[in-house]
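For reference, the structure is listed below as structure tokens.
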Protein chains: 2
Amino acid sequence: MADALLVDAGALLAGAVGARHVLSGPAIAEEYGGDESLAVARRAPAYVVRPASAAEVAEVLRIAGERRIPVTARGAGTGMSGACVPAPGGIVVSFERMNRVLEVDAVNHVAVVQPGVSLEALDRAAAPAGLCYPVRLGEPSASVGGTIATNAGGMHAVRHGVTRHHVLGLEAVLASGAIVRGGGKYVKTSAGYDLTQLLVGSEGTLALVTEATLRLRPRAGHSATVLAAFGSEEDVFRAVPPLAGGGPEPVALEYVDLLAMAAITADGPEGAAGLGVPEDVRLAALGHLLVVLEDRSASRLEEDVETVAGRLLELGALDVFVLPAGAARKLAEARERAFWTAKAAGADDVVDAVVPRGALPALLAAARAAAEDTGSLVTGCGHAGDGNVHLSVFQPDPVRRDEVLRRLFRAAGEHGGAVSGEHGVGRAKKPYFLELEDPAKVELMRGIKLAFDPHGILNPGVLLDSGRSPQ
Amino acid sequence: MADALLVDAGALLAGAVGARHVLSGPAIAEEYGGDESLAVARRAPAYVVRPASAAEVAEVLRIAGERRIPVTARGAGTGMSGACVPAPGGIVVSFERMNRVLEVDAVNHVAVVQPGVSLEALDRAAAPAGLCYPVRLGEPSASVGGTIATNAGGMHAVRHGVTRHHVLGLEAVLASGAIVRGGGKYVKTSAGYDLTQLLVGSEGTLALVTEATLRLRPRAGHSATVLAAFGSEEDVFRAVPPLAGGGPEPVALEYVDLLAMAAITADGPEGAAGLGVPEDVRLAALGHLLVVLEDRSASRLEEDVETVAGRLLELGALDVFVLPAGAARKLAEARERAFWTAKAAGADDVVDAVVPRGALPALLAAARAAAEDTGSLVTGCGHAGDGNVHLSVFQPDPVRRDEVLRRLFRAAGEHGGAVSGEHGVGRAKKPYFLELEDPAKVELMRGIKLAFDPHGILNPGVLLDSGRSPQ
């Protein structure tokens, strides 16, 4: 990118969003260069712009489009695949100022929000109307825009589905600067190709979302958490399918591995004692299952808890504990923070491949074999009910790590799964994705990309590029 | 299409699917020429082929592609928008022989089916595993392939969502003859543009679906139907939003208009008496609401029925009746047959525009005004909980009818809705759709179409063509 053109662009961008909201050079804080991906290094953009409206985003895209400057959207930067690492010389469009809940509509059960709203802020706004936004990630500071870009799933997907199922409508700015709207405050629609759904999971490569109409659900009111200790990982995963269907339907069905459990009990006897798990059970357990139940009636919930506890014992649990609210919150938070625990322990990468939930034992067996053959450590934790266990890979050597990752992704594919359940392809998984995906489908995706973004200014290098190594 | 080329094609098609399964000329039964749309006339194709596998479909598409012969997919022919009326000289690919449930997977809660399976056959196959396919249309003989093509919704969408939410994976044949697979037996996925979801609702214009992996749900076991009589249409629609959320969640929330009610009571005193609705209430009622509840526990269901009945009275119902199983089935069937009732009564068209459910009164007011101004009759019936009331238009004069339709579609748009909630655009609504939709979005759709079908052989004339009048 010629410097003259960039200077020129800087002045124009200042005209579009206000000089105060265009950052360049040393004024750009390091975090604007990336996300939480362990595999993709941060890279400073040429500019960060902070628009306040769709019209300003449109103006930024027109400026970028004329100059063929790459544009990368950024929400809260909590992504896991490097999808908001900008292309060299690019513009980062940060949605930090577009962070309002515009409407909570209790008649139609929807919220209309700007993309910079965090999941926790949205849920807080929905609460007074007796509603909730059921997409519950480990990282509640994630922005709605980011979760739409990756089709984020989270802990409650096993009951309520993923982001896609809650996005009813979008306003978005195309590469041309045109502002389009799709969908609305309704669930049923059959009026042309569903562009709204196409944008979900497109990782900022097709358009920039500037407003979302999201489906809310009635707030349950009562919640209970059951923790089951199992003598083996196999026993945990064998118990998952029967629990997921028939009987009370859990809102979360999470596998807690020894690492996450250790993080809790690391608080000392108090942490462990708070869970009410006796020392002998805790030491005998090689895996735990966390089952969260909700209901609008306290008495029905109590009944369901008993039913689920009974079923867990029938399914081979060593012991079952109904957690008091405080301990449940603590354990849920620990589970949510599993990524940080793994990172602190020195994990070199995290894989969120998805498989049919019945195939989790096969995926984990493949992970163990890959770990053994390469002298790595691979531990899993997460969304057992969805076949989406997150695998922390400990292997500092990049060549060996690459082998582990390739074997994991390939195993996921062989067992009917995909490279990512919710983190997205981004830059981190792009080479594996392109290597393993059917070329006919990649070709279709490139055709779609071309229809939306003929000059390739939207997040180049993410998802579809042909580059072999993460950059 | 030159006759020589067609003869040539006939021999090749016979080679692909077997001579017995290629029909032409007078051997083509009239029904192969169209669907149940009142607005689009049937048209015989040059050939009907009945493939038995994806490989045969691929071969048919290669033959058609080389000769640029239009191809139209056909399921059970129960569509409402003329989307399976073939283009002149085209090939109809009938999926009648690809009608098997390949697998009901009780571990992962999915069914894998061929596109020609009917919804009722699928549900029947799921039952022994304690599962159900919750897409419940008025026409249970509809094929899964057809419901995917239109993203069909039906009666239970208010609780369980539409077809899109149950399609986890697809196998499809591209215009090139390539067979591709997307998605799988999992709900979470973030691995490139979601081609599976893009095919849902694409009305046979992007690819031909040859296999679907569908999400099943636990079967509830117990069901109850509550019928509420209201003194006015306004009262009915005012009651809908409070019933849809908070408290027991209905699986169906259906508006029954006087026409549908008349069809039941037309059975004579027995039909009316079977509902337990006293004569005076029946005569005073100007609209009814049908609320279906389900639960796996009979006692909880009973509790919920009482709660809902109480709420209905609070919300202004003249009277509330818990229907015995036989009467409930009868009423549900009558409601499902509302289209046939309207047709028998002489309806000239049916509009299934969707709006936010809170905007139904505004849409119906616009319908009344349009009816009055044009001397037409417009009556509504249907999915009140989804903002998707089906409007029967009685107006034999095509010019006036066109005005009514245009006003209805425009009103839907003005109130935040869309031209079709579940029937699709097809040929019937194409001119209105193209007139009312944002040209920037239509342009994107054409780009997508081009990426999938560069020679435009897949269902030309449906959805995107620029033709002004239904053909």
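Ignore the peptide's own chain and count Cβ atoms of other chains within 10 Å of each Cβ in A:51-64; give me the average, rounded.
Neighbouring Cβ atoms belonging to other protein chains average 0 per residue here.
What are the residues of the range B:195-223 that lose 50 Å² or more of accessible area, with a 1.4 Å probe, going from their chain alone to all protein chains?
B:195, B:198
Provide the buried accessible surface between chains A and B in square angstrom, both chains summed, 1.4 Å probe, rounded to the nearest 100.
6200
Roll a 1.4 Å probe over the protein chains and send me the accessible area per residue for the protein assembly as shown in Å². All intermediate terms of the calculation are to be shown ahead of the outcome.
Numbers: 32520 Å² over 942 residues.
Roughly 35 Å² per residue, with all protein chains present.
Is there a simple number for the mean count of other chain Cβ atoms within 10 Å of the Cβ of residues in A:441-449, and what is it? Write out the running numbers ahead of the final one.
On the way: counts 8, 2, 5, 13, 5, 2, 8, 9, 3.
If you average over the peptide's residues, the count of other-chain Cβ atoms is 6.
Computed FRET efficiency, Cβ-Cβ of residue A:303 and residue B:397, R0 45 Å: what is it to the nearest 0.05? Don't skip to the answer; put the middle values down first.
Numbers: r = 61 Å, r/R0 = 1.35.
So, using R0 = 45 Å, E works out to roughly 0.15.
In the range A:90-117, which residues give up 50 Å² or more of accessible area once the other protein chains are added, compared with their chain alone (1.4 Å probe)?
Correct list: A:107, A:108.
Once the Cα gyration tensor of chain A is found, what semi-axes does its equivalent ellipsoid get, as square roots of 5 times the eigenvalues, in whole Å, sorted largest first? Each step should come with its number before you reach the end.
Numbers: eigenvalues 297, 136, 78 Å².
Equivalent-ellipsoid dimensions as semi-axes: 39, 26, 20 Å.
Could you give me the percent of Cα pairs per 5 Å distance bin for the range A:346-436, shortest bin first, beginning at zero and ending with the bin that holds the maximum distance?
3, 16, 29, 27, 19, 5, 0
Tell me, what % of the accessible area of the range B:347-393 is carbon and sulfur with a 1.4 angstrom probe? Each step should come with its number before you reach the end.
Values: 580 of 1110 Å².
With neighbouring chains kept in place, the figure for the range B:347-393 is 52 percent.
Express as a percent, rounded to the nearest 5, the fraction of DSSP beta bridges in chain A (both residues included) that run antiparallel. Walk me through the intermediate numbers first.
Numbers: 56 of 64 bridges.
Of the beta bridges lying entirely in chain A, close to 90 percent run antiparallel.
Whole angstrom only: what separates the Cα centroid of the range B:364-425 from the Cα centroid of the range B:211-265?
The range B:364-425 and the range B:211-265 have Cα centres spaced 21 Å from each other.
In debye, nearest 20, what is the charge dipole magnitude of chain B about its Cα centre with +1 on Lys and Arg Cβ and -1 on Asp and Glu Cβ, if you could check?
Values: 44 positive and 56 negative charges, 259 e Å.
It comes to approximately 1240 debye.
Packing-wise, with mean Cβ within 10 Å as the measure, how do B:430-439, B:115-124 rank, highest first? All intermediate terms of the calculation are to be shown ahead of the outcome.
Working: B:430-439: 18.4, B:115-124: 21.1.
Put in order of decreasing packing, that is B:115-124, B:430-439.
Specify, per residue and in Å³, the volume enclosed by the convex hull of the alpha carbon atoms belonging to the range B:222-336. List each step's numbers first, then the result.
On the way: hull volume 10.1 nm³, N = 115.
Hull volume over Cα atoms, normalised by residue count, gives 88 Å³.
Rounded, prolate or oblate for the range B:307-391? Axes are the square roots of the Cα gyration tensor eigenvalues, ordered a ≥ b ≥ c, and the cut-off for rounded is a/c under 1.5. Display every interim value, and only then the final one.
Numbers: a/c = 2.28, a/b = 1.38, b/c = 1.66.
Note, shape of the range B:307-391 comes out oblate.
Could you give the alpha-carbon Rg of the protein assembly as shown over 2.2 N^0.38 Å, rounded to two decimals?
Numbers: Rg = 27.8 Å, N = 942, 2.2 N^0.38 = 29.7 Å.
Ratio of Rg to 2.2 N^0.38 Å for the protein assembly as shown: 0.94.
Hand me the tally of lysine pairs in chain A: alpha carbons under 18 angstrom apart, and the pair either on different chains or 8 or more positions apart.
Numbers: A:429/A:441; A:430/A:441; A:430/A:449; A:441/A:449.
Taking the Cα cut-off of 18 Å, the pair count is 4.
Treating the angle as unsigned and between 0 and 90°, give the value, to the nearest 10°, between the Cα long axis of helix A:398-414 and the longest Cα principal axis of chain A.
On a 0 to 90 degree scale, this one is about 70.
Kirkwood hydrodynamic radius, the range B:1-143, all distinct C-alpha pairs: what's the number in Å?
Values: mean 1/r = 0.0618 Å⁻¹.
So the Kirkwood estimate lands at 16.2 Å.
Quick one: with all protein chains in place, what share of the accessible area of the range A:3-97 is carbon or sulfur, to the nearest percent (1.4 Å probe)?
Numbers: 1900 of 3590 Å².
Its accessible area is 53 percent carbon and sulfur atoms.
The values are calculated or read from the model by the stated rules, or taken from the named source; none is laboratory data. Note that this is a predicted model, so its numbers are computed, not measured. Quick reminder, even Gly has a Cβ in these numbers, built from the backbone with ideal geometry, and neighbours come from all protein chains shown. In case anyone asks, the SASA skips ligands and DNA or RNA and just uses the protein heavy atoms, side chains included. Shrake-Rupley method; radii C 1.70, N 1.55, O 1.52, S 1.80 Å.
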